[in-house]
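Trainee: Here you go, one structure.
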Amino acid sequence: MSQKIQPQNIPLGHFGFLKISGVDAMTFLQGYTTCDLAALKDDSAQLGAICNIQGRMLASFIVIQQGQDLVLRMHQSLVPKTIAFLTKYIVFSKAELADISENLYCYGSLDPESTPGESPYPMKTDNGTITIDLGNRREQWSSSRQTAEATDMIRQWSDAELEAGVAWIDEKSCEEHLPQTLNYHHLGGISFTKGCYLGQEIVARMQYRGALKKRLHRIETGTQNRELTSGNIVVAGSHACLAVVSNPTEEPVTVTWDDGSVNTATPLGPVASLELKD
């Protein structure tokens with residue numbers, strides 16, 4: 001049985017919020033997301049991504065439904081860019097886009113005794129605060145600022161995301177990766193039955209006919225201000241990192257750091273196969 005969640009209140013200020021409101025909000029966004037918004041329920045949240053026509057992720061997010069409206073939590077730096085991207089398509093829909101990052105705040109709590117979860121995630125609302133259960137961690141979305149723990153807790157949050165195998169698109173990785181490259185097909189972030197959406201043809205072709213040449217790997221070492229000679233670090237933890245590495249197989253490969261040292265990089269698979277570390 002899981003232990004009681006630790007009462008840390010970790011400020012996750014790197015996350016922001018996009019709201020899509022109006023009677024056509026669901027119908028409109030369904031044509032631009034990798035996840036199936038029709039599967040959303042009052043007590044669940046979905047992982048997903050918005051792709052460009054080439055199937056590269058513009059932004060990745062957690063989305064919830066509030067009445068006829070949708071709220072997406074994504075990297076704060078990508079909220080304006082996502083709004084600008086979707087504005088080109090929303091003109092004929094009865095829906096509006098708004099950056100509500102100044103009105104909604106994201107905090108985290110750790111639950112290291114629990115295993116990482118996959119989308120859809122259980123969700124509940126209590127006194128206006130939305131809590132999303134991500135397995136080994138929780139996110140709280142609140143309209144009021146809360147007393148927060150020291151910012152060094154953010155590294156522990158990164159460790160928890162790393163254990164879950166989750167990497168978010170930010171301004172550096174925007175429009176660089178297919179959803180499968182960041183393992184979203186194993187995290188519940190892609191529906192292959194929902195129908196058409198922007199970039200869907202490329203994403204589906206990769207799943208059924210393609211060979212993924214780059215994929216997310218776990219490397220058991222701290223980055224210590226080092227860079228890979230071939231590969232891009234997307235999550236840096238205290239004892240390991242997640243990196244996109246060229247590897248057309250599902251077998252571990254050797255990677256080299258810019259200081260000449262080497263490590264083994266292990267491709268990520270389904271959530272159930274992720275090995276939690278002490």
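Here, each number is a calculation from the coordinates, and none is a lab measurement. It should be emphasised that the depicted structure is a prediction, and the values quoted were computed from it without experimental measurement. Positions of Cβ are generated from backbone atoms using ideal geometry, with glycine treated the same way; all protein chains shown enter the neighbour counts.
Trainee: On each of the three principal axes of the Cα atoms of segment 1-147, give max minus min coordinate, whole Å, ordered largest first.
Mentor: The Cα atoms of segment 1-147 stretch 49, 28, 28 Å along their principal axes.
Trainee: For the chain, what does the helix formula give at 222 nm: sum of -39500 (n - 2.57) over DSSP H segments with n ≥ 4, over the residue count, nearest 500 deg cm²/dmol?
Mentor: Working: 4 runs with 39 residues, N = 278.
Roughly -4000 deg cm²/dmol at 222 nm, from the helical runs in the chain.
Trainee: Which three semi-axes in whole Å describe the equivalent ellipsoid of the chain, each the square root of 5 times a Cα gyration tensor eigenvalue, listed largest first?
Mentor: Listed largest to smallest, the semi-axes of the chain are 29, 24, 17 Å.
Trainee: Report, by chain and number, residues whose modeled amide H sits under 5 Å from the one on GLN66, excluding near sequence neighbours (fewer than 5 apart, same chain).
Mentor: Here VAL71 satisfy the definition.
Trainee: Turning to a different aspect of this structure: When the Karplus curve 6.51 cos²θ - 1.76 cosθ + 1.60 is applied with θ = phi - 60°, which whole-Hz ³J(HN,Hα) does each residue of segment 230-238 get, with x for Gly and Pro?
Mentor: Per residue, the Karplus-derived 3J(HN,Hα) values read 8, x, 10, 6, 10, 9, 10, x, 7 Hz.
Trainee: Rank-order 68-79, 113-124 by packing density, defined as the average count of other C-beta atoms within 10 Å over each peptide's residues, highest first. Walk me through the numbers on the way to the answer.
Mentor: Values: 68-79: 21.2, 113-124: 17.4.
Going from most to least packed, we get 68-79, 113-124.
Trainee: For segment 79-90, what does the Karplus curve 6.51 cos²θ - 1.76 cosθ + 1.60, with θ = phi - 60°, yield as ³J(HN,Hα) per residue in whole Hz, taken in order and with x for Gly and Pro?
Mentor: Ordered by residue, 3J(HN,Hα) equals 4, x, 5, 5, 4, 4, 5, 6, 4, 5, 10, 8 Hz.
Trainee: May I ask you to order 167-174, 37-44, 80-87 by the average number of other C-beta atoms within 10 Å around their residues, highest value first? Could the numbers behind the result be given before it?
Mentor: Values: 167-174: 18.2, 37-44: 14.4, 80-87: 15.9.
Final packing ranking: 167-174, 80-87, 37-44.
Trainee: Of LYS94/LYS214; LYS41/LYS213; LYS124/LYS214; LYS88/LYS172; LYS124/LYS213, which ones are farther than 32 Å apart at the Cα?
Mentor: As for pairs spanning more than 32 Å Cα to Cα, those are LYS94/LYS214; LYS41/LYS213; LYS124/LYS214; LYS124/LYS213.
Trainee: I'd like the FRET efficiency for LYS94 and ALA204, computed as 1/(1 + (r/R0)^6) with the beta carbon distance as r and R0 of 30 Å, rounded to 0.05.
Mentor: Given R0 = 30 Å and the Cβ-Cβ separation, E is 0.55.
Trainee: Further question: Ranked from highest to lowest mean number of other Cβ atoms within 10 Å per residue, what is the order of the peptides 19-25, 195-201, 58-64?
Mentor: For the peptides 19-25, 195-201, 58-64, the packing ranking is 58-64, 19-25, 195-201.
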